[in-house]
Amino acid sequence: MLTDSYGGICPNCGYDRMLVRYGSSGYFQRDACPNCQFAYGHNDYDPEVRGQELWEGEIFEMRSILEERGFPVSVLGILLYIETLPDIREIKSVFDYPGDFNWGGC
Ligand SMILES: [Zn+2]
């Protein structure tokens, strides 16, 4: 089982509405911050995925939602869309990040 939601604090910029996908062990889980483009995810078998590579998949998956609501089909569009959703503070980031975590972004 996987759950897609939003929340958690971005370890890079502090934004509090990351896209989060979490669930049973073995599934691909990820955190993705549309504010600074931080993205990090993995499952138990495949290598970690970071940054741009992960966003390409997110944009593809969210294309129809973004188009339906008139947002640009981009990370910025995802940010604008997330900002229209109600606050849900109880959701945490999927992973814990050390202070010196290097996510490979800009
Ligand atoms: Zn961020």
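Summary of computed values
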read-out: Pick from the range 11-20, criterion within 10 Å of the ligand (Cβ to nearest atom) and under 9 Å from the mean Cα position of the chain (by Cα), ranking: surrounded by the fewest Cβ atoms within 10 Å (Cβ to Cβ); value: ARG17
read-out: Complete set of residues in the range 1-10 that are in a loop (DSSP other than H, G, I, E, B) and either surrounded by fewer than 20 Cβ atoms within 10 Å (Cβ to Cβ) or on the phi > 0 side of the Ramachandran plot (or both); value: MET1, GLY7, GLY8, ILE9
read-out: Boolean, LEU80 is within 12 Å of the chain's Cα centre (by Cα) and surrounded by 15 or more Cβ atoms within 10 Å (Cβ to Cβ); value: no
read-out: Tabulated pairs, the range 85-103, first more than 16 Å from TYR15 (Cβ to Cβ), second part of a loop (DSSP other than H, G, I, E, B), C-beta under 8 angstrom, 6+ apart or interchain; value: GLU90/GLY7
read-out: Residues located in the range 61-84, provided they are free of Cβ contacts under 8 Å to residues at least 12 places away in the same chain and under 18 Å from LEU2 (Cα atoms); value: GLU61
read-out: Matching residues, the range 28-72, being more than 16 Å from the ligand (Cβ to nearest atom) and assigned to a strand (DSSP E or B); value: GLN29, HIS42, VAL49
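Any read-out appearing in this document is the output of simple, stated calculations on the displayed coordinates, not a laboratory observation. Nothing here was measured: the structure is a model prediction, and the numbers come from that model. Counting neighbours? That spans all protein chains shown, and the Cβs are built from the backbone with ideal geometry, glycine included.
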